[in-house]
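Take a look at the structure below.
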Amino acid sequence: MKNHKKLKTDLSMSTKDILLPNEEVKEILMNNYYQRQMEKANNIDVDINHLENIFTNKTYYLAMKLVPPLERKVLYLSYIENSKLNDIGRRLKLQKNEVISLRNKAITHFKNNLSTLCKVDNLKNGGIS
């Protein structure tokens, strides 16, 4: 009985070091996830001035190419580099509200450009839009 008790104590001591609270496990998993996502983003052949290179679809490429350069930079920093609004503002010498406005305008411009280009493609292909 004494050996069994000692074995149980040894086992609990050896596993005690690997038990982590849920918050720590979540943090480790999230850090690992973000690190992998940033590595994927770093492997993309794109820089702050050429966000359109992220798209392999010609229509998407052209739609992003038509977005004004400063707006493209804000999108790049927001979504590719995953920068915070304050960091983007510091980097581009803009206020936080200007960054938010530029990001919203960029998304709107991209959507409108994409819509227009899709309509043009449909007309070229003889389709009715």
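For the reader, a short list of remarks on this structure follows.
- Criterion violated by Phe110 - all others in (1) within 19 Å of Pro69 (Cα to Cα); (2) without any contact (Cβ under 8 Å) to a residue 40 or more places away in the chain; (3) assigned to a helix (DSSP H, G or I) satisfied: (2)
- Leading residue by the ranking (nearest to Pro69 (Cα to Cα)) among those in segment 117-129 that are touching a helix residue (DSSP H, G or I) at 6+ places or on another chain (Cβ under 8 Å) and either in a helix (DSSP H, G or I) or at pLDDT 95 or above (or both): Leu117
- No other residue among Lys124, Lys93, Lys119 is on the phi > 0 side of the Ramachandran plot and without any contact (Cβ under 8 Å) to a residue 12 or more places away in the chain apart from Lys93.
- Taken over segment 79-101, the criterion of being basic (Lys, Arg) and assigned to a helix (DSSP H, G or I) is satisfied by Arg90, Arg91, Lys96.
- Residues within segment 36-78 that are surrounded by fewer than 15 Cβ atoms within 10 Å (Cβ to Cβ), modelled with pLDDT under 85 and assigned to a loop (DSSP other than H, G, I, E, B), tallied: 6
- Each residue in segment 79-129 was checked for being closer than 17 Å to Lys58 by Cβ, polar (S, T, N, Q) and exposed (fewer than 15 other Cβ atoms within 10 Å of the Cβ), and 4 of them qualify.
The values are calculated or read from the model by the stated rules, or taken from the named source; none is laboratory data. Since we're looking at a predicted model, the values are computed, not measured. Glycine gets a Cβ as well: all are built from the backbone with ideal geometry, and neighbour counts include every protein chain shown.
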